[in-house]
1. Modelled label-to-label distance, residue 350 and residue 121, 7 Å Cα→beta-carbon offset: nm?
2. When ranked by the protection proxy of mean other Cβ atoms within 10 Å per residue, highest first, what sequence do the peptides 345-351, 390-396 form?
3. The list (i) 0.99; (ii) 0.95; (iii) 1.06 gives values of Rg/Rh (Cα atoms, Kirkwood Rh), and only one came from this structure; which label was calculated from it?
4. Any idea what angle helix 354-373 forms with the longest principal axis of the chain, computed on alpha-carbon atoms, 0 to 90 degrees, nearest 10?
5. Among DSSP beta bridges whose residues both lie in the chain, state the antiparallel percentage, nearest 5.
6. Could you compute the FRET efficiency for residue 332 and residue 236, with r as their C-beta to C-beta distance and R0 at 41 Å, rounded to 0.05?
7. Estimate the FRET efficiency between residue 383 and residue 299 by the formula 1/(1 + (r/R0)^6), using the beta-carbon distance for r and 22 Å for R0, to the nearest 0.05.
8. Could you check the simple spin-label distance between residue 90 and residue 106, using points 7 Å along Cα→Cβ, in nm with one decimal?
């Protein structure tokens, strides 16, 4: 999405733009796929940074203005209500910061004054600034809150939705997540991620952007201090005044002709996810009583956010029920949906022989489904099983295959490059490793880097 957004922004000002996409579907890490008549979203649990109509200065409002997208075109439906749950405590995340703050006051009365001071500090940061502060959010929370459980409950959603760093998140990224999750909120286009992709593709057409699908970049030909040409998978070459790469920092480095094949190994991200997707017969699902939109859960005494030793770490994760948005009268999803996301080990999944790989996907689908149901109103096993209409699973191996992200790392490399610059004069990073994450962040990344390096240059 960062590439499409950058292309739209540059095309709006008359620049000749070519988008090269190796896959047969647009969207990258936030895309969809089809099995029969059923469309599965990948990446998008929610579009963050939702604000009521009329709000000024919010990231989503800036994004729409920069891409000339009308609010009604996104067809955004706000969430019913989400929560963070750990050690018997619950904090509402429901597009109303006052409710979140009230829950902190109820669950952690001794820390509420410190929490409010932390909010004031984070709200004073310009989290989108290219020189935004780094450092450890864990250390910041320890210093300012002094409560390990509250610290963990704040890290839990912010790490799962935006950290490439094990057991931590950078302060600047934490500030972004603080605003986008807690201060603003969640919404979803009625048809999911396809709505956003369609809008971006339509804008590309309007502004004369050329797109080539199933057309990957094999090599960046670097001569002197510039990318002189791009060699495509079919052997042809194209030239460009500037190149914006959403492939990832190390992935881009390894495409360069002036680098050795495995350069940057120590900088590759380690954090990958497995996600299970289960669908249900709609009438039976309606009787389950599952009303949460998203649940960030941790079943352990401490929150551990690191690449697990086994295939999947089921102790913490994210439960998403896409049905639970305010779609409006007469609009419901065709089936019930349950998505469960947990940390996973890329190398362990990739070592499995194919038959064992498929068997482990099925086994973990069942196991993670049970973990999720422990946080939802009880549905008898027989009723639950009878209502299921499909299951599917993706692993870090899937992510690497279809996006090219090394280790299947959703959030890329631990070190971000906020200004998008590389040591090659006309090569810039956008997307995950530039540092703006999520659907909204990805588009803002493309816009910001296009503005900085293409329109102000």
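1. 3.9
2. 390-396, 345-351
3. Computed from these coordinates, Rg/Rh (Cα atoms, Kirkwood Rh) corresponds to label (ii).
4. Roughly 50 degrees, rounded to the nearest 10.
5. Antiparallel bridges make up about 80 percent of those DSSP assigns within the chain.
6. 0.30
7. Here the calculated transfer efficiency is 0.40.
8. 0.8
We did not get these values from a lab; they are worked out from the coordinates using the rules stated. From a predicted model like this one, the values you see are computed outputs, not experimental measurements. Using ideal geometry, Cβ is built from the backbone for each residue, glycine included, and neighbour counts are taken over all protein chains shown.
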